[in-house]
1. Within the bounds of segment 210-220, is there any residue that is closer than 18 Å to residue 279 by Cβ and of a type in the set (Asp, Glu)?
2. Can you say whether residue 296 is part of a helix (DSSP H, G or I) and of a type outside the set (Gly, Ala, Ser), as far as the supplied structure shows?
3. Check residue 494 against each of (1) in contact (Cβ under 8 Å) with a residue 40 or more places away in the chain; (2) part of a strand (DSSP E or B) and name the one condition it does not meet.
4. What residue, among those in segment 252-291 that are at pLDDT below 90 and among the hydroxyl-bearing types (Ser, Thr, Tyr), is most open to solvent (accessible area, probe 1.4 Å)?
5. Identify, by number, the condition in (1) at pLDDT 85 or above; (2) surrounded by fewer than 19 Cβ atoms within 10 Å (Cβ to Cβ) that residue 183 doesn't meet.
6. Collect the residues in segment 90-108 that are over 40 Å from the mean Cα position of the chain (by Cα) and either at positive phi or open to solvent by less than 20 Å² (accessible area, probe 1.4 Å) (or both), keeping them in residue-number order.
7. Collect the residues in segment 227-251 that are in a helix (DSSP H, G or I), open to solvent by 20 Å² or more (accessible area, probe 1.4 Å) and among the charged types (D, E, K, R), keeping them in residue-number order.
8. The conditions are (1) of a type in the set (Val, Ile, Thr); (2) in a strand (DSSP E or B); (3) at pLDDT 95 or above; (4) more than 30 Å from residue 561 (Cα to Cα), and residue 424 fails exactly one of them. Which is it?
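The values are calculated or read from the model by the stated rules, or taken from the named source; none is laboratory data. Here the structure is a predicted model, which means the values were calculated and not measured. Glycine gets a Cβ as well: all are built from the backbone with ideal geometry, and neighbour counts include every protein chain shown. What goes into the accessible areas is simple: the full protein's heavy atoms, side chains included, and nothing from ligands, DNA or RNA. Shrake-Rupley method; radii C 1.70, N 1.55, O 1.52, S 1.80 Å.
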Amino acid sequence: MVRFILFLSALVSLNAGAKTDCAADMHQLYNDLYGHSASAMKSLDSKTGYFYWGRARVALESTPNDKLEAIFKTMSKADLEQTYWNVKTGVTKVSKEEEAMVEELWHMVDDLGEKPFWGEVPDRGFAIREAMRAHDAKLEFSGDPAYAAQLTDQALAKTEMETIARALAEHKRNAKNPNSKWYDRVVRFFSPHHDKVEEVLATDNSLRQRMQLMYRADEPALEAQAKYKEPLNLTKDELGKIQSLASDTAGKLAGVRNEITDLYGREISLNQPLREADIRVRELAKKAKALNSESKANELGLESERDMDVIDEVIGKAWNREKGVKTGMPLPEKHDTHLQIRNSQYRRETPERRAAYLGVTEPRSPKAADYNVETEWTVTVQHEEPKTRTVTRTESDGDGGTKTVVETEHYTDYYTTSYGMSRTDVLKVRYEEALRNGVNPSDHMDDLPALPPAQTRGAYAVSASNGSPSIGSYDASRVNSVLQQASGARAREDEFRGQIAHATSLIDGITNESYKAIKEKPAALKETLKAIEAEKAKLETMRADLASYQTTPSASIKSQWTNDVEKDFRDRNQQMVTRFDHMINRIDHLAEQVRRQTPVLEIEYSLPDYAPQMAELKQIRDKNKKIIKTTAWTAGTAATAGTAIYNKDAIISTINDLMGSNRGY
């Protein structure tokens, strides 16, 4: 990172060399503070009604913390003041943009005070942004901390409209200019732009989700810092941990902007979106796919969950210390966004907890659980039999007549035969099968030993291959015996399995959409809260029984099921305890949301809907697919012995006919 060099020479001398150095330093400061977010600066040019240091605010909000620290470490307030007056009086000649920058920055420092910029603070970026928020509140100004991200979002929307227009223009070019580059016309016909544009829009929406989530995830941290700093006597270390959660947002936003630049080839802004003529849809779609933005959005979601863990840990510890309790941070104290992030987390983790349980019960088996199965498969043999045939033809006899010639022709007859094979293999009953009282040997085909090499049979056989194996029959009597031995454990554990399945079904059914409908009816809201609290009570009662069962003495485990392995017993039931605990916590958070009547249960993202604009592209895609599917374009092909021989000219002619029937696109 290029450091901003102070204007010390300008402070003591007004000679030409000093002026040049000061101007160069101004240019460097402009690049350090404004240059990385040039697209946001350009977007602000087209905005009105934003108060006077709006551009400086956007720049500071989107400047990574390490850059802010470096800038204000090497530039004192006196340096800024001297530079301001040098620029205003014309001593230092700089560009109009740089003059606006230093004026905005000077007014901002005058409004916010020196401390955020030069005072001893644990986190420079957090201190500056916190001071801006406090100033907003003082002026009763509802400034949005995500304003810089919103400008980027709007610039994206403009560019997306240009992308859709470009895709339509390229398709319509087929009709307007049938003599355009043939290869491009063919590619557009067989691979219409609709799906490619959808790929780009999906990538852009993943970028939008990240920009929105990074600011939403800051809200609980900002509230915790402001709300509990004094009441809970947060230590310097505790404050630092909370503040660090919000201080990296500018760096994340800069990262998203860099990805947008990589995708579109340059920075975009409201004033300078990508023009239609500069867009190459196929190239853009390839870049969008390579960007892998969806996985990055998922990772940011996981990071936001970890941020909530930090808040729970820090505030919970301080709460216990100051209140003399051991409850941790109470649910009513948590920010709405905190609960929304947790709701999404619990919804994602519920099937993961089930998978962890099945990770014990599905692969493992009790002792003495073997049973025989008959494995069957078919072997296919290829034959190449040399044969001869008599061919009669007529040819000239040399005297003006004809003669009949009889010849023997040699050829190869290709054909296949098959035969069946079988063998006896051994499988094991799994715990999951024993606990659900049912076995399906076909579920365990991967456990069968490899098939023996296929053997040729019959005359003129040249090769043989095995087909896929299947289970013909199995020892049902043996399986039933194993299942019967597990009946005691099955009856006991079925209670827990049934309860967690019922709770999962109930809570999974309360989604953002269903909750909105419930919230409109007070009686329905009351009944929903009553139902989930009753479900929690059942879980807690059964959880106590489950915990006791999980610690059953070894002798009791054996008496319940002789062939149960103690480690397997404890592992699977510990996983069930984890599932119960997780579901109880999930219900606690959901019940708190229902009691508060929060607007939504999970964060909702503001994403543009381009269905009307995409309708024509979809129509083109569907029409092309239908034409390709229903048109018999076998012209120019001839099948001989199962091999297709293609005539290039005929294929080109057929493709041209196809495109001609869809000339409008």
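1. As a first pass, look at segment 210-220 and keep what is closer than 18 Å to residue 279 by Cβ: none.
No, segment 210-220 has no match at all.
2. Values: part of a helix (DSSP H, G or I): yes; of a type outside the set (Gly, Ala, Ser): yes.
Yes: the conditions hold for residue 296.
3. (2)
4. The residue in question is 261.
5. (1)
6. 90, 92, 102
7. Of all residues in segment 227-251, those in a helix (DSSP H, G or I) come to 227-228, 236-247, 249-251.
Next, only the ones that are open to solvent by 20 Å² or more (accessible area, probe 1.4 Å) stay: 227, 236-237, 239-241, 244, 251.
Within segment 227-251, 227, 236, 237, 241 qualify.
8. Answer for residue 424: the failing condition is (4).
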